[in-house]
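Asks: Before I ask anything, let me first share the structure, which is written out below as C-alpha cells.
Since every read-out is calculated from the coordinates, none of them should be taken as a lab result. In this text, all values refer to a predicted model and were calculated from it rather than measured experimentally. Glycine gets a Cβ as well: all are built from the backbone with ideal geometry, and neighbour counts include every protein chain shown.
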C-alpha cells in the first residue's frame with residue numbers, strides 16, 4: 001500500500017486551530033464508547049469513537065455491535081422496548097482492497113487507511129512544536145489520534161474505518177435508543193457501551209455560522225467568527241471569498257480546524273488571515289461549517305473588507321519649552337511627504353509615564369508641527385499621535401516635562417483623634433488648600449520626647465487615618481504628627497504633636513473550646529484558657545436548649561484547670577455550653593463561641609433488615625425496600641450518592657414507610673444508598689447499605 005504519511009504532514013500544516021474531534025478529551029479511567037447521531041432524510045447517521053488507543057486497536061479486530069430499541073411509537077411510550085440487533089455481524093474497518101479506489105480521491109480516507117494498515121506511522125520528518133510532541137508519542141497513539149481526526153473531518157472515511165453507520169430502516173413515527181458496544185471478549189478487555197437517544201421525526205437543519213467579521217490590514221484581511229457556540233456541531237469550516245459579492249470560491253481545499261482549542265484554555269473564536277495582492281479593493285467573505293457527518297451548513301452572513309496601507313511614518317517630539325504664561329510649547333517632526341495619509345494629530349497627556357494617557361487636544365491639522373498646552377501640572381508626560389485616514393495610528397515616544405516648584409505645602413492643622421477601648425485610633429485633620437497636593441504622611445511615637453516614626457508607606461490622599469496600638473503597655477499615651485507632601489515631593493513642617501491617652505482597663509481575652517466527647521458518664525469538655533496574664537478564674541456555663549428562656553447556669557469555676565466532665569445531662573436533650581474569663585479587676589471576657597451538643601448515650605441497634613434495591617431499566621427507576629423490626633421507629637433517613645461522590649440526605653420518611661422508588665437515575669451509574677432509622681426515644685439504628693449499578 002502507498003505510504004500516505006506525507007499527506008498527513010500536509011494536512012497538519014494546512015489546518016488552523018485545534019482538532020475539534022471526538023479524539024479531544026476522550027481519555028477516561030475505563031475505555032468507553034462515545035456516540036453522536038443525526039437524523040437526515042429518513043435515516044439515522046451514527047458516529048462513535050472509543051476512549052483509548054489500546055481499546056481502539058482491539059475493537060478494530062473484534063468489531064462493534066449496534067442495538068436499537070424502539071421506545072416510542074406515534075408519540076406513545078411502549079410498555080416494553082422493542083430490541084433489534086442492527087448489525088448481526090460486528091462492524092470492523094473495511095478490508096484494504098475496498099479502500100484502493102477511494103483513497104486516490106479522498107485525502108482523509110488515505111489518512112485513516114494509513115493509520116489502520118500502514119507498515120509504519122512515524123512522523124520524524126516533521127519540525128516545530130507540534131512535531132516534537134508527536135515524535136515523542138508512541139506509534140499506537142499516533143495512529144489512534146489521526147484515525148479519529150480523519151473520521152471527524154470525513155464521514156465517508158468514518159464509514160470505511162468502522163467508526164460510522166447509516167441506519168436506513170427507521171420510521172418517522174418512532175423514537176429510538178441506540179446502544180453501541182464492542183465485540184471484544186470481556187476476558188480480553190471490558191469497554192463501557194455508548195448510548196444515544198434519537199427522535200426520528202426531528203430532522204434539524206444545521207445552523208449557519210455567525211458573527212463573521214473582516215478587519216483590513218496592509219495587503220491582508222483578518223477574518224474571525226464565533227467558534228465556542230458551535231464547537232459540538234461543526235468539526236471544521238470552509239472559508240469562501242468573492243470579488244463581486246455573488247461568485248464565491250473556497251480559500252483552499254483543506255477545511256479549517258481550530259488547533260488552539262485546549263481544555264485548560266478553550267477558544268471562543270476562529271481566526272484566519274487572508275493575504276491580498278493589493279490594497280483598497282473590496283473583498284467579500286462567507287463561512288460554512290462542516291459537521292462530523294460530512295454535512296455542509298448554510299453559509300454565514302457576508303462580511304466585506306479592504307486591505308489598507310499601513311501608516312509607517314511616526315511623529316517625534318523634538319522640542320518643548322515654557323512660554324511667558326506658564327504653558328508648555330511642544331514641537332514635533334513628521335514626514336511632509338506622507339501628510340496626505342493622515343487626518344491630523346492629537347496630543348496625549350498623563351501624570352505618570354505608565355499612564356493612563358488621555359487626549360487633551362484633538363483635530364490638530366496634518367500640516368501643524370507645534371501646539372501649546374496651557375494647564376501643565378508639576379509632572380507631565382506628552383505623546384503626539386498621528387491619525388491615519390484608515391483609523392490607523394502611530395505614536396511618538398514620551399516627552400517628560402516638569403515645572404519648577406521648590407515651595408513646600410503649609411503645615412497641616414486641626415489634628416484630632418481618639419483611642420477606643422480596643423486600641424483602635426481614629427485620626428483626622430484639615431485638608432491643605434494647595435493645588436499640587438500629593439498627600440500626607442502619618443508619624444507615631446510612644447514617648448513624648450522620642451523621634452516619631454513613619455506609619456504610611458506612601459503619601460495618602462484622605463485626611464483621615466486609622467491606626468492600632470497596644471492598650472495594655474507601660475506607656476499610657478501615644479503621640480502623632482502629620483506632614484503634607486506636594487507632587488514634587490516637597491514636605492511641609494510637622495504638625496503640632498497630638499497626645500492621645502490610652503484606655504487603662506481592658507477585659508481579658510476569651511477562652512475557646514478545643515474539643516469535646518460524649519461518653520456514657522457524661523460530656524467531657526476541654527478548652528484553652530484565656531491568654532491574659534491577670535485572669536482570676538474561668539466560669540463554665542450550660543443552657544438546656546429546650547428551656548432556653550430559663551437562661552444559663554454556672555456549672556464549674558476554676559483558675560487553671562482546662563477540662564471538665566458534665567455528668568448531669570439527659571440523653572436526647574440538646575445543650576449549649578459557653579466559657580468566660582474574669583480578671584482581677586472584675587472585667588469579664590467576651591464569651592467563647594458557644595458549643596451546642598445533642599446528648600446521645602445509646603449505642604446503635606439493629607431494627608432494619610433486608611434493605612435491598614432493584615434496578616428497573618425499562619421503567620427508568622430503582623426500587624428500594626426494607627423491613628422494620630421495632631414499632632417505635634419515628635422516621636427513616638436515606639442517604640444517596642453516585643460512585644466517587646459524598647453521600648447526601650436524599651429522603652426523610654415516616655417510620656411506617658417500607659419502600660420507595662428513585663426515578664432520578666441515569667444509565668451506567670453506580671449508586672449507593674444508606675438507610676438509618678431514628679427511634680422515638682432518640683436512639684438510632686445501625687446503618688444499612690446497598691449498592692446498585694443502573
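Asks: Would you mind calculating the relative contact order of the chain from Cα pairs under 8 angstrom and at least 6 residues apart, reporting the percent as a whole number?
Replies: Working: 1566 pairs, mean separation 51.6, N = 694.
7 percent.
Asks: How do 306-312, 148-154, 335-341 rank on mean C-beta neighbours within 10 Å, highest first? Each step should come with its number before you reach the end.
Replies: Working: 306-312: 17.0, 148-154: 26.9, 335-341: 12.0.
The most tightly packed comes first, giving 148-154, 306-312, 335-341.
Asks: For each of 509, 530, count neighbouring Cβ atoms within 10 Å of the residue's Cβ, then give the residues from fewest to most. Walk me through the numbers before you get to the answer.
Replies: On the way: 509 15, 530 23.
The order, fewest Cβ neighbours first, is 509, 530.
Asks: Sorted by packing (mean other beta-carbon atoms within 10 Å per residue), highest first, where do 156-163, 622-629, 413-420 land?
Replies: Working: 156-163: 23.9, 622-629: 16.8, 413-420: 14.1.
Highest-to-lowest ranking by the protection proxy: 156-163, 622-629, 413-420.
Asks: Full extension from residue 374 to residue 360: what is 0.36 nm times the residue separation minus their Cα-Cα distance, to one decimal in nm? List each step's numbers first, then the result.
Replies: Numbers: separation 14, 0.36 × 14 = 5.04 nm, distance 1.03 nm.
Stretched out fully, the residue 374 to residue 360 stretch lengthens by 4.0 nm.
Asks: To continue, here is another question. How large is Rg over Rh for the chain, taking Rg from the Cα atoms and Rh as the Kirkwood inverse mean of 1/r across Cα pairs? Walk me through the numbers on the way to the answer.
Replies: Values: Rg = 39.9 Å, Rh = 35.4 Å.
Here Rg/Rh amounts to 1.13.
Asks: On the principal axes of its Cα set, how long, how wide and how thick is the range 416-498? Give whole Å, largest value first.
Replies: Reported extents, whole Å, longest axis first: 42, 23, 20.
Asks: Just to verify a number: FRET efficiency for residue 320 and residue 281, C-beta to C-beta distance, R0 = 41 Å, to 0.05?
Replies: Working: r = 43 Å, r/R0 = 1.04.
Taking R0 as 41 Å, the efficiency between residue 320 and residue 281 is 0.45.
Asks: Hey, another quick one. Compute the distance from the alpha-carbon center of the range 232-267 to that of the range 554-585, in whole Å.
Replies: Result: 74 Å between the Cα centres.
Asks: Rank the residues 400, 146, 611 as a footprinting-exposure proxy: fewest other Cβ atoms within 10 Å of their Cβ go first.
Replies: Values: 400 11, 146 24, 611 17.
Listed from fewest to most nearby Cβ atoms, that is 400, 611, 146.
Asks: With a 10 Å Cβ neighbour count serving as the proxy for reagent exposure, in which order, fewest first, do 229, 437 appear?
Replies: Working: 229 14, 437 17.
If I rank by nearby Cβ atoms, fewest first, I get 229, 437.
Asks: Whole number please: convex hull volume per residue, Cα atoms of the range 274-349, in Å³.
Replies: Values: hull volume 14.2 nm³, N = 76.
Per-residue hull volume (Cα only) is 187 Å³.
Asks: Binning at 5 Å from 0, report for the range 608-693 what percent of all alpha-carbon pair distances ends up in each bin.
Replies: Distribution as computed: 3, 14, 27, 24, 16, 9, 4, 1, 0 percent.
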